[in-house]
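Below is one structure, written out as structure tokens; comments come after it.
The values are calculated or read from the model by the stated rules, or taken from the named source; none is laboratory data. As the structure is a computational prediction, the values presented were derived from the model and not from experiment. In this analysis, Cβ positions are derived from the backbone assuming ideal geometry, glycine residues included, and neighbour counts consider all displayed protein chains.
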Amino acid sequence: MAYTRGNSGDYDRWARDGASGWSYSDVLPYFRKCESWEGGESEFRGANGPVGTQYAKTTDPLFPAWIEAGKQAGFPEVKDYNAADQVGFGRSQYTIRDGRRSSSARAFLHPSEKRPNLTVVTGAQATRVLFDGLRATGVEYRRSGQLVSAHAEREVILSGGAFNSPQVLMLSGIGPADHLVEMGIRPLVDNPSVGENLQDHICVIIRWQRLTPGIFHQQMRFDRMAAAMLQAYFLGTGPGTIVPGGLHAFIKTDPAQPVPNIEFMFSTVPPETGLWFPGVAPAYPDGYSIRPCVLHPRSRGRVRLRSGDPTDKIRIQYNFFSDPDDLALLRTGFKIARDVGNQPALSPYRGTEMSPGPDVNTDDEIDAFIRRTALTAHHPAGTCRMGSDPESVLDPELRVRGVENLRVVDAAAMPDLVSAHINACVLMMGEKAADLIRYGAGRNQPAMAAE
């Protein structure tokens, strides 16, 4: 539910590197069109869109203490990181409306379910795109053990995500020809870039004990949480509607950086979190953490088929830290996060550093800890990148090169990662793609026009 758009420089970089039509001035109208911001409409925010967005509602005093700690460490506070400025420590924003998650399904799909031109098929797996020569004519999928074909009058839009979109393309004969032949698939279009360019945000977590239990810990007592969930379900109010997070930070480790290169995610929820009740289940020890994350990794991975069988799991090879600069940057982020965590503003809350612990200090020790415990932020992207060069999988209108009437609209199309979580970016891409599909490039209707 984190709603973070990224930096304006991210989209200008996309356009400069060949994704024409995707500069910040091009995409801002679609960010605004997409959302209904609780603060109302402005130059940067929208107020009439289907996705409800709001500030974090937690009242845990740890979050303002973190902002103060950031200031003590030399970083600014940013009031709205989805507006003019992104760099600094800012109150989190989430896709929540009226106490419920404002998911893409709730915002876009459910209001359209009764349309006569919409059919939703669940429990099905796409197996390949159907072609007449080089023209996409439909999709084959498997459901209840049977193969079914759905035919398209105009276009096929593939939205399988960074893993499954390249999988379906390769199963359909679009990808590295030598790999397809090895998998027993007849190549239709030889494009070695399909499945390449895999990126994700790589992170590590620093954990501290909390001296006294926080608000969420208190709410996790079984009877309190049971009442809170009933209130949330029937009234859409109360602690059961509040995410136990409330802060993101986007920083530059060097002021010369064009965009932020490290994000901090802050959590008041330790891994041991669970329901507790006096005399029945003991309360878990409370804690909190800071999670530094590399926003623009240089390492690149790939997605490949395991076989020509669509039900086989794909091979995902991230190649994290194959570029040593990524490890060095995450080490720097680790040191800055630890410095923030040890500022005086957090003294009333800070107990022992639980992980990695005070004995991990040298670069070699920090690197070993990172290699042992690093995890992703679950933001995979880039495996069907768009661009203007002939090696790109998609053109800037998201059309698959080498064939007709086929597009990919999802995070796979991103040329590289933005300085943010990718949820908001992908929602924007869907809005912009809708206009590209309806009107074509250069003939887009105004993004804020009434539909």
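Scan the range 40-78 for residues that are within 24 Å of D339 (Cβ to Cβ), without any contact (Cβ under 8 Å) to a residue 12 or more places away in the chain and in contact with a strand residue (DSSP E or B) (Cβ under 8 Å, 6 or more places away or on another chain) and the total you get is 0. Taken over the range 150-165, residues that are part of a helix (DSSP H, G or I), surrounded by fewer than 20 Cβ atoms within 10 Å (Cβ to Cβ) and among the small types (G, A, S) amount to 1. Apart from one condition, T383 fits all of (1) out of contact with any Pro (no Cβ under 7 Å at 6 or more places or on another chain); (2) in a loop (DSSP other than H, G, I, E, B); the exception is (1).
Check G88, G70, G39 and return the single one that is over 30 Å from G287 (Cα atoms), of a type outside the set (D, E, K, R) and modelled with pLDDT of 95 or more.
The match here is G39.
Residues in the range 177-202 that are part of a helix (DSSP H, G or I) and either assigned by TED's automatic domain parsing to the domain that holds D339 or of a type in the set (D, E) (or both) were compared, and the one that is surrounded by the fewest Cβ atoms within 10 Å (Cβ to Cβ) is D178. Restricting the range 376-435 to residues that are out of contact with any Ser or Thr (no Cβ under 8 Å at 6 or more places or on another chain) and hydroxyl-bearing (S, T, Y) leaves a set whose member that is nearest to W22 (Cα to Cα) is S419.
For the residues S392, S388, S419, the requirement of being closer than 27 Å to S36 by Cβ and part of a loop (DSSP other than H, G, I, E, B) singles out S419. Could you tell me whether V243 is assigned to a loop (DSSP other than H, G, I, E, B), over 30 Å from A328 (Cα atoms) and among the β-branched types (V, I, T)? For V243, the condition - assigned to a loop (DSSP other than H, G, I, E, B), over 30 Å from A328 (Cα atoms) and among the β-branched types (V, I, T) - is met. Selection within the range 254-288: residues that are touching a strand residue (DSSP E or B) at 6+ places or on another chain (Cβ under 8 Å) and of a type in the set (S, T, Y). The member of this set that is surrounded by the fewest Cβ atoms within 10 Å (Cβ to Cβ) is Y284.
Hey, could you check the range 3-41 for residues that are within 18 Å of the chain's Cα centre (by Cα) and of a type in the set (D, E) and say which is surrounded by the most Cβ atoms within 10 Å (Cβ to Cβ)? Checking each candidate, the answer is E35. Scan the range 342-360 and tell me whether some residue there is modelled with pLDDT of 95 or more, over 26 Å from E272 (Cα atoms) and in contact with an Asp or Glu (Cβ under 8 Å, 6 or more places away or on another chain). The answer is no, given that none of the residues of the range 342-360 is modelled with pLDDT of 95 or more, over 26 Å from E272 (Cα atoms) and in contact with an Asp or Glu (Cβ under 8 Å, 6 or more places away or on another chain). Do we have any residue at all in the range 268-287 that's at pLDDT 95 or above and under 30 Å from G9 (Cβ atoms)? No, the range 268-287 contains no residue that is at pLDDT 95 or above and under 30 Å from G9 (Cβ atoms). Selection of the range 298-350 for residues being among the basic types (K, R) and in a loop (DSSP other than H, G, I, E, B) yields R298, R300, R306, K313.
How many of the residues in the range 199-226 are of a type in the set (S, T, N, Q) and touching a residue at least 24 places away in the same chain (Cβ under 8 Å)?
Here is the first cut: in the range 199-226, the ones of a type in the set (S, T, N, Q) are 199, 209, 212, 218-219.
Pick out the ones that are also touching a residue at least 24 places away in the same chain (Cβ under 8 Å) and you get 199, 209, 212.
Residues that pass the stated criteria total 3.
Residue-level check: of (1) more than 25 Å from W14 (Cβ to Cβ); (2) hydrophobic (A, V, I, L, M, F, W, C); (3) surrounded by 15 or more Cβ atoms within 10 Å (Cβ to Cβ); (4) touching a residue at least 60 places away in the same chain (Cβ under 8 Å), L375 misses just (3).
Please enumerate the residues belonging to the range 347-371 that are surrounded by 14 or more Cβ atoms within 10 Å (Cβ to Cβ) and either farther than 20 Å from Q209 by Cβ or under 29 Å from the mean Cα position of the chain (by Cα) (or both).
Step one: of the range 347-371, the residues surrounded by 14 or more Cβ atoms within 10 Å (Cβ to Cβ) are 349-351, 353-356, 360, 366-367, 369-370.
Across the range 347-371, the qualifying residues are E353, M354, S355, P356, I366, D367, F369, I370.
Criterion applied to R135, R143, R100, R106 was being exposed (fewer than 15 other Cβ atoms within 10 Å of the Cβ) and either touching a Lys or Arg at 6+ places or on another chain (Cβ under 6 Å) or under 23 Å from A433 (Cβ atoms) (or both), and the one residue passing it is R135. Does V168 qualify as being touching a Lys or Arg at 6+ places or on another chain (Cβ under 9 Å), part of a strand (DSSP E or B), within 13 Å of P310 (Cβ to Cβ) and not aromatic (F, W, Y)? Answer is no for this residue. Filtering I174, I205 for residues that are assigned by TED's automatic domain parsing to the domain that holds V294 and of a type outside the set (G, A, S) leaves a single hit, I205. For R101, the conditions (1) touching a helix residue (DSSP H, G or I) at 6+ places or on another chain (Cβ under 8 Å); (2) among the basic types (K, R); (3) closer than 23 Å to M428 by Cβ are fulfilled apart from (1).
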